[in-house]
Amino acid sequence: MASIDLLWPRAGDWPTPQPGDGPADVALVGIPTWRTSLSPTNAHATPAAVRDALRRYSFESPLRIVDVGDLTEVDQIRAIEAELLIALGGDNSATVPVALGRGARGLVTLDAHHDLRDGVSNGSPVRQLIEAGLSGTRVVQVGIEPFANSRAYAQRAADYGITVITRDELRRRPIDDAIAEALAIASDGDGPVHVDLDVDVCDRSVAPACPASIPGGLSAIELRAAARAAGAHPSVTSIDIVEVDATADAPDGRTVRLAALCVLEIIAGRQLR
C-alpha cells in the first residue's frame, strides 16, 4: 500500500470528464496500438503502466486535467474537448489517429527514425500523414540517427521537403534551440501542431523498453526538456509519447518512469503559456 501524505499529493488520478463540464485545459488519453509493429512488442500495456508510474511523483497544477481513458479511433480523438491532448502509446502508429483527430497542420517528431516506410505500421506514420494532406515542409524530425535509417528513406524525407536535425547535430547544439526551430517551422505562424515523442530517440541506457532505441541517443533530461518546450508552445494542440513496451522495461522501470515524467513536463510547459 502506498503511503499517504497530505502534504505530498500524488500525480495522476485525474478525473474522467463529465457531461456539461466544458473543455479541459489538458486531457490524457491512452492509445494502446501494437498490432502493426515491425518489432515484437506489448506496447498496448504501456498506457496503464504510465498511469501507475505517475503516482510515484508529486505534481499540483491550477489547470483542469482529465483522463478520458483508452481510445483508438480518429473520431473518438476528435470528440475530446481539451486545449492540449497528451496521448500515451502504444507504438508509433498511435501518431496517425491523434494527429488526424486533432487536425494537425504541422508535425515535429523526436525520433531516431524517419518513419516513412511503405504500408501501415509503426514505421510509416509520417508518410501516412503526408499522404493524408500534411505538407512535408511543415514536418521537422529531430534526433534522426543516420545509421538507423537507409539512404532511400533519407532521400524520401528530402523529396517531401522535411527538415531533418540529426543526432550528430544535437551533439553540437542545445536541445532547446533545436526544438524552438522545429516548432517555428511546423507552426509556420499558426497551428495546430502535433508533437511525436518517440522515446526510442533516447539512449538505450535510459530507454531499454524501446525495441529500436540505440546507444548514443538523447539523454533523459533532453527528452524531458523537449516535452516541456512542446507543452509551452501555443500552437501545439497534441503530443504523443510512444514506442515504449512496459513489459520489456528494466527492473527499475526507468523507461516507463521517463514517459510519466514527460507527461508532467508537458503539463508544466502548458502552465507557462
- line: Treating only Lys and Arg (+1) and Asp and Glu (-1) as charged, each at its beta carbon, one finds that the chain has a dipole about its Cα centre, in Debye to the nearest 20, of 280 debye
query: Taking only DSSP H segments of four or more residues, each worth -39500 (n - 2.57), what value at 222 nm results for the chain once the sum is divided by all its residues, to the nearest 500 deg cm²/dmol?
result: -9000 deg cm²/dmol
message: Between the range 37-78 and the range 242-273, what is the separation of their alpha carbon centroids in Å?
response: 10 Å
- line: Note on the chain, DSSP bridge orientation, antiparallel percent to nearest 5 equals 5 percent
field: For the range 8-35 versus the range 178-196, the gap between their alpha-carbon centres in whole angstrom
entry: 24 Å
field: Per principal axis, descending, Cα span of the range 111-248 in whole Å
entry: 36, 34, 30
Relative contact order [Cα under 8 Å, 6+ residues apart], the range 188-273, whole percent: 36 percent
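For the chain, return all DSSP H helices satisfying: extent of Cα atoms along own axis at least 24 Å; mean Kyte-Doolittle hydropathy at least -0.5.
Working: long enough: 254-271 (26 Å, 0.84).
Long hydrophobic helices here: 254-271.
Kindly rank 245-252, 234-241 from highest to lowest mean number of other beta carbons found within 10 Å of each residue. Please report the intermediate quantities before stating the final value.
Values: 245-252: 16.2, 234-241: 24.0.
Result, highest mean first: 234-241, 245-252.
Contact order normalised by length for the chain, with contacts defined as Cα pairs under 8 Å and 6 or more residues apart; what percent is it? All intermediate terms of the calculation are to be shown ahead of the outcome.
Values: 640 pairs, mean separation 58.0, N = 273.
In percent, rounded to a whole number, it is 21.
If the viscosity is 1.002 mPa s and the temperature 20 °C, what translational diffusion coefficient in µm²/s does Stokes-Einstein give for the range 1-113 when Rh comes from Kirkwood over Cα pairs? It would help to have the intermediate numbers written out before the result.
On the way: Rh = 15.4 Å.
Answer from the Stokes-Einstein relation: 139 µm²/s.
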field: Sequence ranges 214-227, 69-82, ranked by mean other-Cβ count within 10 angstrom, highest first
entry: 214-227, 69-82
query: In what sequence, highest mean first, do 164-174, 48-58, 99-109 appear when ranked by Cβ atoms within 10 angstrom?
result: 99-109, 48-58, 164-174
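Rule-based calculations on the coordinates, nothing more; no lab input. Only a predicted model underlies this, so the values are computations on that prediction, with no experimental measurement involved. For neighbour counting, all protein chains shown are included, and Cβ atoms are generated from backbone atoms with ideal geometry for every residue, glycine included.
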